[in-house]
Amino acid sequence: MSRKRPGRDLLHRWSRNPIITLADVPFRCNTVFNGTPLKLNGEYVMIVRVEGQQGYSFFALARSRDGLHFEVDKTPCMTPAEVEPWKSIEENGIEDPRLTVIEGEYYIAYTAVSGAGYAIALAHTRDFERFERIAVVSEPGNKDGVLFPEKINGLYARLDRPFGRGIGAIWLSYSPDLVNWGRSEMVIAPRPRYWDSFRIGASAPPIRTERGWMEIYHGVKMTASGPIYRIGTVMLDIENPAKVVGRCLAPVLSPREEYERVGDVGNVVFACGAVVESDGEVKVYYGAADTSICVATAELDELIESCFESNGEDEAM
Ligand code: BMA
């Protein structure tokens, strides 16, 4: 389907969105959103962010056979830590999980919220029942941490979004052990004039493609009535992901449907992960208006192409 049809997005929403709402959560809570999926032995698991009625967030596990119909487990899978050193750093909740498989192990990068602000933390699971914390890997003032699914030149790698001077850009860091991080550099900045002019952040863990690491990210534009969160694509060099080799001009998904426009935080589509199917379909899971979880799809080739829209082509807008 051509993306040039007015009002259409490259990502196609499933007609029965949203796929997980409050009504699907078997315990009392306020909202469910921003889920991170994984396809495991033909079935899907998704760690979802739940905001409790008391106001802070924690995680639950949802399971599905087809990636469209999910059942949420009866109890949360990970709640803010009750023991130090994590207790203080997670006292206001845990948010926005991102699942990455590295060498067959399941890692979750997430946002730990304390009185000092947002920090990035890492946890690990083998069975999606027990989750062990690894380390808090940033100072407060950083979020949207995602791990690459492979070591790069022998080192673990991550993208994140420090808040330096209020400019929300995406940075890259490396680590020999997932605990100690460094060699940090800025990789992708917001673009004046564009839909991602206010701030940006990594969304899904990077996907290896024949043209580089494809990152599905979120971009924010500030308007008179508040921010609008959209989803875009950027391609990073395989050997040196500090090098941007292509970036979409137009977003691949913008809030348009009522469930994306209206909710606890309106005008938000916010992905935390995607599944690449063996036939080349990519299922992008995203939170809608911080109130429910939806899915939208595109062919991997189309998403790759979107990173290489040439500048000056107004028809891409
Ligand atoms: C971001 C994160 C997301 C949220 C989005 C829109 O900064 O906090 O969890 O979905 O804002 O509110």
* Answer with yes or no whether Val295 is within 14 Å of the ligand (Cβ to nearest atom) and either modelled with pLDDT of 95 or more or over 24 Å from Ile120 (Cβ atoms) (or both). => no
* (1) surrounded by fewer than 20 Cβ atoms within 10 Å (Cβ to Cβ); (2) closer than 23 Å to Ile134 by Cα; (3) within 16 Å of the ligand (Cβ to nearest atom): which one isn't true of Lys87, the others all being true? -> (3)
* Members of region 243-260 that are open to solvent by 20 Å² or more (accessible area, probe 1.4 Å) and farther than 21 Å from Asp96 by Cβ -> Lys243, Val244, Val245, Arg247, Arg256, Glu257, Glu258
* Asked: Given Asn92, Asn41, Asn30, Asn17, which one is over 17 Å from the mean Cα position of the chain (by Cα) and at pLDDT below 95?
  -> Asn41
* Structure fact -> Quick count over region 173-228, residues being open to solvent by 80 Å² or more (accessible area, probe 1.4 Å), under 21 Å from Gly273 (Cα atoms) and part of a strand (DSSP E or B), is 1
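Here's the yes/no breakdown for (1) more than 16 Å from the ligand (Cβ to nearest atom); (2) more than 19 Å from Glu302 (Cα to Cα); (3) under 19 Å from the mean Cα position of the chain (by Cα):
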position: Pro162; (1), (2), (3): no, yes, yes
position: Ala169; (1), (2), (3): no, yes, yes
position: Pro190; (1), (2), (3): no, yes, yes
position: Arg208; (1), (2), (3): yes, no, yes
position: Arg211; (1), (2), (3): yes, no, no
position: Thr223; (1), (2), (3): no, yes, no
position: Arg230; (1), (2), (3): no, no, yes
* Asked: Is it the case that region 263-273 has a residue that's touching a residue at least 60 places away in the same chain (Cβ under 8 Å) and either among the acidic types (Asp, Glu) or in a loop (DSSP other than H, G, I, E, B) (or both)?
  -> yes
* To do: For Glu139, work out the one condition from (1) away from the ligand (no atom under 16 Å from the Cβ); (2) part of a loop (DSSP other than H, G, I, E, B); (3) in contact with an Asp or Glu (Cβ under 8 Å, 6 or more places away or on another chain) it doesn't fulfil.
  => (3)
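Take the residues in region 33-60 that are surrounded by 12 or more Cβ atoms within 10 Å (Cβ to Cβ) and more than 24 Å from Ser114 (Cβ to Cβ), then tell me which one is farthest from the ligand (Cβ to nearest atom).
Applying the filter and picking the extreme gives Glu43.
Okay, residues lined up against (1) farther than 28 Å from Asn41 by Cα; (2) touching a strand residue (DSSP E or B) at 6+ places or on another chain (Cβ under 7 Å):
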residue: Gly232; (1), (2): yes, yes
residue: Arg247; (1), (2): yes, yes
residue: Ser254; (1), (2): yes, yes
residue: Glu258; (1), (2): yes, no
residue: Asp264; (1), (2): yes, yes
residue: Asp279; (1), (2): no, no
residue: Leu303; (1), (2): no, yes
residue: Phe308; (1), (2): yes, yes
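The values are calculated or read from the model by the stated rules, or taken from the named source; none is laboratory data. Since the structure is predicted, the reported quantities are computational estimates derived from the model, not experimental observations. Here Cβ is always computed from backbone atoms with ideal geometry, including for glycine, and neighbour counts include all displayed protein chains. When the accessible area is computed, the model is the full protein with side chains, heavy atoms only, and any ligands, DNA or RNA have been set aside. Shrake-Rupley method; radii C 1.70, N 1.55, O 1.52, S 1.80 Å.
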